[in-house]
1. Give me the helices (runs of 4 or more DSSP H) completely within the stretch 1-82, filtered to those with at least 2 residues that are under 24 Å from Asp259 (Cα atoms), ordered by residue number.
2. Got a number for residues in the stretch 289-305 being assigned to a helix (DSSP H, G or I) and either under 21 Å from the mean Cα position of the chain (by Cα) or in contact (Cβ under 8 Å) with a residue 60 or more places away in the chain (or both)?
3. Pull up the stretch 41-56, narrow it to residues that are touching a residue at least 40 places away in the same chain (Cβ under 8 Å) and surrounded by fewer than 21 Cβ atoms within 10 Å (Cβ to Cβ), then point me to the one that is farthest from the chain's Cα centre (by Cα).
4. Any residue that is modelled with pLDDT of 95 or more, closer than 30 Å to Asp42 by Cα and out of contact with any His (no Cβ under 8 Å at 6 or more places or on another chain) - is there at least one of those in the stretch 193-205?
5. Can you tell me which condition Glu11 does not meet? The list is (1) more than 25 Å from Lys155 (Cα to Cα); (2) under 13 Å from the mean Cα position of the chain (by Cα), and all the others hold.
6. Tell me, please, whether a residue that is of a type in the set (Asp, Glu) and either loosely packed, with under 15 Cβ neighbours inside 10 Å or without any contact (Cβ under 8 Å) to a residue 60 or more places away in the chain (or both) can be found in the stretch 14-37.
7. I'd like to check something: does the stretch 104-111 contain any residue that is assigned to a helix (DSSP H, G or I) and over 20 Å from Gly38 (Cα atoms)?
8. Would the stretch 223-230 turn up any residue that is basic (Lys, Arg), open to solvent by 40 Å² or more (accessible area, probe 1.4 Å) and either closer than 26 Å to Phe185 by Cβ or not in a loop (DSSP other than H, G, I, E, B) (or both)?
Amino acid sequence: PEYEPLRFLYEPMRDYPLRGGKRFRSVLVLLACEAVGGDPDDALKTAAAFEMFQSFALVHDDIEDGSEMRRGKPCLHHLHGIPLAINVGDALYSKMFEVLVANRDLLGDERTFELLEMMIAGARCTFEGQAYDIGWIEAAEIPTVDAFLEMLRLKTGWYSGRGPCTAGAIIGDGSQPHKEALGEFGERMAVAFQIRDDLLNLTVDTGDAVQAPTGTAGGYGKERGGDIAEGKRTLMVIDSLNSASPADAGRLRNILDQDRNETDEGDIEWAIALMAASGALERAQDECRVRAEAAEAHLDQLPESDAREALREMCSFLVERVF
């Protein structure tokens, strides 16, 4: 809406979606629909709904993590304060369901309610994953690699992969095997993408870090090493703690567990250097490649099409991209 409370709600709701970003979740909906023989125009509302879910999740995630930058600009809670930012995230979440319900005239009741049920279940997965992600920090716990990967499957695997791909297949009226293949592809790709994104947080150049990401190249849009300052438990952190000397592991734990305001640039660069020297960064990149190949193998169960190959190329770009 263009009416008030424009300044306090509707303009901030537009902020994150209009900053840029790759918007790949929306594209997954369209391509998955086309890959099973559907009309991607029928998937536009649902594609927009996933973009709203992404923006809602980022607004709240930035507050919960104490993040500084998002897509090259200060996070929403730094611009408007935490109370207004929380309300903006809530409004985006509500708007998402409004858009999904608007599918009824186009898709009919059965597919519309299937999409709604999937979105509700997927949102629960996301919140469960986020609970682990921030809970480990609050409890000063280090998860196992298996527990960490399960957290990624819950937090990122659904809304960045399985959800959009399955939604597209539902809209395109795909067969159950095709829905399952696309869902598996999406989840495996999304987990690999998140590991790669965590890697970029440690390896991106300072100049690229402050640039908003775009659809095909360049830009990261978050502060370099921000995950370390926030105490994030990432694959590289867990790997380094398992392989480092007791003294180095102890120092890394102290950096991760101290208050963000106590972590300086020297701490961050030392931690990144440790992860590089231990081989954790290289091993994480290898893990990305293996998971991307496993994801792409599921696409072979779909009929040949330009949309299928575009999905394959998207996977390669999202997991292998460098600056």
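The values are calculated or read from the model by the stated rules, or taken from the named source; none is laboratory data. In this text the structure is predicted, and so the values were computed from the model without any measurement. A quick note on method: Cβ atoms are made from the backbone with ideal geometry, for glycine too, and the neighbour counts reach across all protein chains shown. Ligands, DNA and RNA are stripped out before the accessible areas are found, and what is left, the full protein with its side chains, is counted by its heavy atoms. Shrake-Rupley method; radii C 1.70, N 1.55, O 1.52, S 1.80 Å.
1. On the way: elements: 11-18, 24-35, 44-65, 76-80.
By residue number, 44-65, 76-80.
2. Restricting attention to the stretch 289-305, the residues satisfying the condition of being assigned to a helix (DSSP H, G or I) are 289-301.
Within this subset, residues satisfying the condition of being either under 21 Å from the mean Cα position of the chain (by Cα) or in contact (Cβ under 8 Å) with a residue 60 or more places away in the chain (or both) are 289-296, 298-299, 301.
Summing the residues that are assigned to a helix (DSSP H, G or I) and either under 21 Å from the mean Cα position of the chain (by Cα) or in contact (Cβ under 8 Å) with a residue 60 or more places away in the chain (or both) in the stretch 289-305 gives 11.
3. Selected residue: Asp42.
4. yes
5. (2)
6. Taking the stretch 14-37 first, the residues of a type in the set (Asp, Glu) are 15, 34.
Narrowing further to those that are either loosely packed, with under 15 Cβ neighbours inside 10 Å or without any contact (Cβ under 8 Å) to a residue 60 or more places away in the chain (or both): none.
No - not one qualifying residue is present in the stretch 14-37.
7. Initial filter on the stretch 104-111 (assigned to a helix (DSSP H, G or I)): 104-111.
Okay, now just the ones that are also over 20 Å from Gly38 (Cα atoms), so none.
No; the residues of the stretch 104-111 include none that is assigned to a helix (DSSP H, G or I) and over 20 Å from Gly38 (Cα atoms).
8. Filtering the stretch 223-230 down to residues basic (Lys, Arg) leaves 224.
Remaining after also requiring open to solvent by 40 Å² or more (accessible area, probe 1.4 Å): 224.
If we keep only those that are either closer than 26 Å to Phe185 by Cβ or not in a loop (DSSP other than H, G, I, E, B) (or both) as well, we get none.
No, the stretch 223-230 has no match at all.
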